[in-house]
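For reference, the structure discussed in these notes is given below.
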Amino acid sequence: MKKEELVRKFYMQKEEEKELFLEKLIFCNFSEERDFENYFKVGELEESELFCLISFLYHEDCFFMMMEILNNYKQHFLSASVFELEEFDFSEKLLKRWERMEKSQKINGK
């Protein structure tokens, strides 16, 4: 593919899709071979490889690409368990903050 074709494709994008397009260009240009290949097999990656890829996207400000992975592969990031809940120190600060978040409807578990 030639530069002119990429530029043409960029301008053909809807306004809200241009940022993602730019992120993908950044990713293609700056990612190491390992990260680039891992992008195509996200669902098969070990946790450490997945976090490396997400870390790269974060550091390159590729937030839409990062959100796409986080949304599509949520199961890799879920770790909530009763054991973890039991480990919490339910301090007064935590309880007050939780109440404030709940009031602002930022928490699903009302």
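The values are calculated or read from the model by the stated rules, or taken from the named source; none is laboratory data. Note that the coordinates shown come from a computational prediction; the quantities given were computed from them, not determined experimentally. Backbone-built Cβ (ideal geometry, glycine too); neighbour counts: all protein chains shown.
Yes/no matrix, rows are residues, columns are (1) at pLDDT 95 or above; (2) of a type outside the set (Phe, Trp, Tyr); (3) within 14 Å of the chain's Cα centre (by Cα):
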position: GLU44; (1), (2), (3): no, yes, no
position: HIS59; (1), (2), (3): yes, yes, yes
position: LYS74; (1), (2), (3): no, yes, yes
position: LEU78; (1), (2), (3): no, yes, yes
position: GLU92; (1), (2), (3): no, yes, no
position: ARG97; (1), (2), (3): no, yes, no
position: MET101; (1), (2), (3): no, yes, no
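Where in region 3-54 are there helices (runs of 4 or more DSSP H), lying wholly inside it, with at least 3 residues that are within 19 Å of LEU70 (Cβ to Cβ)? It would help to see each step written out before you state the result.
On the way: elements: 3-12, 15-30, 33-39.
Counting at least 3 such residues, we get 15-30, 33-39.
Pairs under 8 Å by beta carbon, first residue within 19 Å of ASN72 (Cβ to Cβ) in region 27-46, partner of a type in the set (Gly, Ala, Ser), six or more apart or different chains?
Once the first residue is within 19 Å of ASN72 (Cβ to Cβ) and sits in region 27-46, its partners that are of a type in the set (Gly, Ala, Ser) give TYR39/SER31.
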